[in-house]
Structure formats: C-alpha cells, structure tokens
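Only one structure is covered here, and it is reproduced in the block below.
The values are calculated or read from the model by the stated rules, or taken from the named source; none is laboratory data. Bear in mind the structure is a predicted one, so any value in this text is a computation, not a measurement. Reconstructed Cβ throughout: ideal geometry from the backbone, glycine too, with neighbour counts over all protein chains shown. Heavy atoms of the whole protein, side chains included, go into the accessibility calculation; ligands, DNA and RNA do not. Shrake-Rupley method; radii C 1.70, N 1.55, O 1.52, S 1.80 Å.
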Amino acid sequence: MHAPPTDVAALPPQQSGAPAPTAGRPSADSPGAGAGPAWWMWATASGLFLLYMLLSLRTHERLLSHSFDLAIFEQAVRSYAEGHLPVSEVKGPDFPVLGDHFSPVLALLAPLYWLWPSARTLLVAQAALVAASVLPLAQWARRALGSTAALVLALCYGLSWGIANGVGFDFHEWAFAVPLLMCALAALGEGRLRAAACWALPLVLVKEDMGLTVAVIGLLIAWRGGGEGGAHALRALRGNWRGTWRGNWRERRLGIAVAAVGLVWTLLAVLVVLPALSPSGSYFYASFLGGSTGGSGGGAGGGLGEVLRKATIGLVTPETKVTTLMLVLAPTLFLALRSPLILVAVPTLVWRGVSDYTAHWGTGYHYSLTLMPIVFAAFVDALGRRGTTGAGLRRYLAGAAGVCALLLPVYSLAQVAYPETWRADPRIAVAHRVMALIPDGATVQASDGLVPHLSDRTSVSLYGWPASRPDPEWIVVDTRVPQDRRWPLSVMDESLALAGARARGYREVAQEDGFVLLSRT
C-alpha cells in the first residue's frame, strides 16, 4: 500500500498516557521498552499470516469460495491489471464496479495480479494485510503495557472472531482498511496526531462508508489536540501557554480538516460519484437503509416515523443486533467502552443497525472485520489510561484470552483443525477437469462455487442469477451442491433450467460426478 511510513520513535510515556518506566534502561518487559518491532512481533504476524492464508486457500480449493464476493473482486482487479476501469461480469454484463462500491484501492493489487493472475492472489494479499495490522497494535501495547501484555493482546486480536470470519469468507476491500485503522488508532492513542491523520485519510479510498469512520477519527484528533493529550498538559505545566495554544490550534485545525474530508467525501461518493457511475443512476445500497430490499431484509417502507424507529429502538431490535454488539465488545471484557477510541466504531455499528439487510445484523460473513482493530485499540488505550499493572493487568489479559479461546471454535479459524478440511475430495479434481474443457476468453455461466475458478481466464457469471449475461457460450453446473449451500437456484429450479438450456440447443459436452458442462457452439 502507498501509505506514510510509521513513526519509529516512540513518544516518552508521559506524552502517550503510558506509565513511566523506572530509572535506567527499561527491561524488555517494561512499558516503553524498545522502538521498532521485536522479533516476536514479526513471528506472531508471520504465524497469523500463514494461518489466514491456509484457511483462505484451502476454502477456495474445496470449491467453497463464492461468486459474491471473491469473483467480483477478482474481476475488478483483473480489469485494473488489463489497464481499464473495473468491471464485473458477475454483477452484470460489463457492470462498472466503481458504481457499486467506490474502492479504487483495489488497483494496488494489479501488479501482484500481473505476476499471479488468480483469485488466490487476492486471498494471499488479504492474509498479509490483516496479519500486518498486528504489528502497530503490538508495538503500542508493548510501549504502554509491556511485552508480555503486548503478546497476549496481539494473539487475542489476531485470533478474534471478527478477524476469523473476515479471512474465512472470500476477499473484501476492507482488508486494506484493517492495517490503516490500526496504525491510525495506535498513533492517535499515543498522541501522534499528524501520523494518525496521515494513516486515516487513505481510508476514504477503501470504501465509501469509511469516510464516516475517518470523520470520527478527525474529531478525536481535534479533541485530543484541544488539550486532552498529555503532551499539551506538560507544556501547560511548564508555563508555555502560548506554545500550547498554538499547538492546540494547529492540531484542532488538523482534526477538523480530517473530519471534513471524511464527511464530505462520503456525501460526495454516495450522492454524486456512485450514482454517476452506476447503471441504475442511484446508490443501490441506500435501499438497505430505507425500504424494502427485495425480500432479503425487513424494510417496512420509508417516512419520518420509520427513520425515527430505525435510529432509536431499531438499533437494538431484533435481539440479533444486541448479541452482535455484545460479542464485538466481549473480547475486551467491555473495557473498550472506557476509551474514546471506541467512538470510531459508531458509524459502522449504526449503518449495520439501521440496515434492512439481515446479514448486516449478525456475526456472520466479513461485516465485523473493521470493528476488531477499533475495539482492541480501545482496549489498549483503556488499560493505559487506567494505569493497569501487576495483578490487575494479568486478570484483564487472562479474561481476554479466555473469551478468545471460548469463541475460537465457533468461527472460521477453527476449520484448520477439522480433519475434513484437509481430506482429499475426488470431486475437486473432476471439477477442474471439466472446467479445463472451457476455452480461455469464453462467456460462461457457472455454479456459485465454480465461478471463482474461472474468473481469471473467462468472462464468467453466476448461473441462475437474473442479471447474468444471457445465452453464454458455456454452462457448467455442480448439481450435487448441498441444499444449505445452494444459491441462487434450488435443486428443482436448477434441473428445470438445465432442461430448458438443452431445449434451446445447448449440447452436453461432459457429465461426471454431478458436474454438467453444456456448450452452445
């Protein structure tokens, strides 16, 4: 990523809110020890990277990745690699991806895609981006709380359920937001306000909703610059009130500017840019916030009354929303609520709460990926503010580790320990043998799990999806997908659709182990 370099030199603990080290050279386990990442930080990040990569790649190899979203993002990156604006055949014929979500940051993956044109490139990149976010958290925690605490917090964060579900379900542009958020929040927690601003601003290129997150970070920078930060308190105690006022004003102005950029950019993206680029001439996801979503959500119409309901009682009903909120905060033993950094999570929690799309309410998929950096940064900040040391710190760390261990088997990362994850399935080889019969560059409709395996060399869309390109040259279908993973067609609908394709002149090229390949040529 093209991002500003991290600040190597740490502020004195008095300026960062951390406890002051004892006289003399600090020990390896004392707060404030060291400036750059220690070897164990690199080892932790590397281990997590391997774990994330194994989970993602093995899920993909087992035909369990999806057209929505892995293939969509690969088609976007492939477009950038080919030198044109991103389009996705999965979303519709030549559908402009920048009219769906504004995520130009995906262009950074184009050079990697030149070297390895595959959906696996995106999965490996996501694993690296998320694992890298452990480093700023561990550095900050070591300076504030000591090395042992930093190691425990890094592992709890890296193995948290929100991270697990994010890396376990395809690829998403939010992977870029995770290290940027952690770097920005670590800098903000330590009082490095300019660094926090520099890390936060690129978030507007990740996705249109991240501008609101940037706005909150900007407001926190302005508040911290207004005198909450320890550095300004020290200057005031020394009697340098003029320097304090000037410094405060500069930092207030910086924070206000960052907040304005985030807010204005979100409004511009949602109201102008996305509608201008979208084939529908509107921002599609606004429908999730105010009305029916075609049956996928629970919209009950618009009106002021509905808006008020969603902004109040609708944020905590149905109970799924409360459960999700509890699980978001549980890894920090709810101590994250004692840090102002938790306010950065408010925009994400609010838009998920008011959405009519039920998947936004729960803990599934990738929707909590960007919340984990925020709650763990708030956890470190809260521990530092309380001056928690000794037995108290050990109790908090043990509690956080216990929650992490309790939730770990429930979510995606636990799959690497299941024997069936590594068991060889002969049908996988059959699937690739059948798909190999499709020539490069052909137009194809395929089952959901097969689409990501064809998106690097064909123009592929989802079989049975109404927006897919009609009358493709090839159709390839896995007729033995279990019912709980079938989408968008049921067994009966799929059977009728295949019979209809044969009646329209498609000939059967291959049928083996449940895989059916039809050709129009």
- Query: Which residues, taken from region 486-521, are crowded, with 16+ Cβ neighbours inside 10 Å and of a type in the set (S, T, Y)?
  - Reply: Y506, S519
- Query: For L145, are the conditions met, namely being open to solvent by less than 30 Å² (accessible area, probe 1.4 Å), in contact (Cβ under 8 Å) with a residue 40 or more places away in the chain, touching a Leu at 6+ places or on another chain (Cβ under 9 Å) and more than 25 Å from S412 (Cβ to Cβ)?
  - Reply: yes
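Here's the yes/no breakdown for (1) within 32 Å of the chain's Cα centre (by Cα); (2) closer than 30 Å to G158 by Cβ:
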| position | (1), (2) |
| --- | --- |
| D425 | yes, yes |
| A429 | yes, no |
| P482 | yes, no |
| R486 | yes, no |
| L498 | no, no |
| E512 | no, no |
| V516 | no, no |
- Message: So, in region 431-445, how many residues would count as being open to solvent by less than 10 Å² (accessible area, probe 1.4 Å) and touching a residue at least 40 places away in the same chain (Cβ under 8 Å)?
- Response: 4
- Query: Tally time: how many residues in region 206-225 are of a type outside the set (D, E, K, R) and open to solvent by 10 Å² or more (accessible area, probe 1.4 Å)?
  - Reply: 7
- Query: Which number in (1) buried (at least 22 other Cβ atoms within 10 Å of the Cβ); (2) farther than 16 Å from A175 by Cα marks the one condition that P96 misses?
  - Reply: (1)
- Message: Where the second residue is charged (D, E, K, R) and the first is open to solvent by 10 Å² or more (accessible area, probe 1.4 Å) and lies in region 374-389, which pairs have Cβ atoms under 8 Å and are six or more apart or on separate chains?
- Response: R385/R338; R386/R338
- Query: Where in region 49-141 are there helices (runs of 4 or more DSSP H), lying wholly inside it, with at least 1 residues that are of a type in the set (D, E, K, R) and modelled with pLDDT of 95 or more?
  - Reply: 72-81, 119-132
- Output the residue which, of all residues in region 107-130 that are buried (at least 24 other Cβ atoms within 10 Å of the Cβ) and touching a Pro at 6+ places or on another chain (Cβ under 9 Å), is nearest to F376 (Cα to Cα). V130
- Task: Might you check whether a residue that is of a type in the set (A, V, I, L, M, F, W, C), open to solvent by 20 Å² or more (accessible area, probe 1.4 Å), farther than 21 Å from V216 by Cβ and in contact with a Gly (Cβ under 6 Å, 6 or more places away or on another chain) occurs anywhere in region 356-364?
- Result: no
- Query: Which residue out of L203, L151 is open to solvent by 10 Å² or more (accessible area, probe 1.4 Å) and more than 14 Å from G384 (Cα to Cα)?
  - Reply: L151
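Results for (1) open to solvent by less than 20 Å² (accessible area, probe 1.4 Å); (2) within 17 Å of the chain's Cα centre (by Cα); (3) polar (S, T, N, Q), shown as yes or no for each residue.
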site	(1), (2), (3)
S46	no, no, yes
H60	yes, no, no
L64	no, no, no
D69	no, yes, no
Q75	yes, no, yes
R78	no, no, no
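Being open to solvent by 20 Å² or more (accessible area, probe 1.4 Å) and either under 16 Å from the mean Cα position of the chain (by Cα) or over 27 Å from V434 (Cα atoms) (or both) is the filter here; which residues of region 48-58 pass it?
Correct list: F49, L50, L51, M53.
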- Here are some residues: S133, S147. Which one is touching an Asp or Glu at 6+ places or on another chain (Cβ under 8 Å) and not acidic (D, E)? S147
- Return the residue satisfying two criteria in turn: it lies in region 466-485 and is part of a loop (DSSP other than H, G, I, E, B) and free of Cβ contacts under 8 Å to residues at least 24 places away in the same chain, and of such residues it is surrounded by the most Cβ atoms within 10 Å (Cβ to Cβ). P470
- Any idea which of L413, L406 is open to solvent by 20 Å² or more (accessible area, probe 1.4 Å), closer than 30 Å to L153 by Cβ and not basic (K, R)? L406
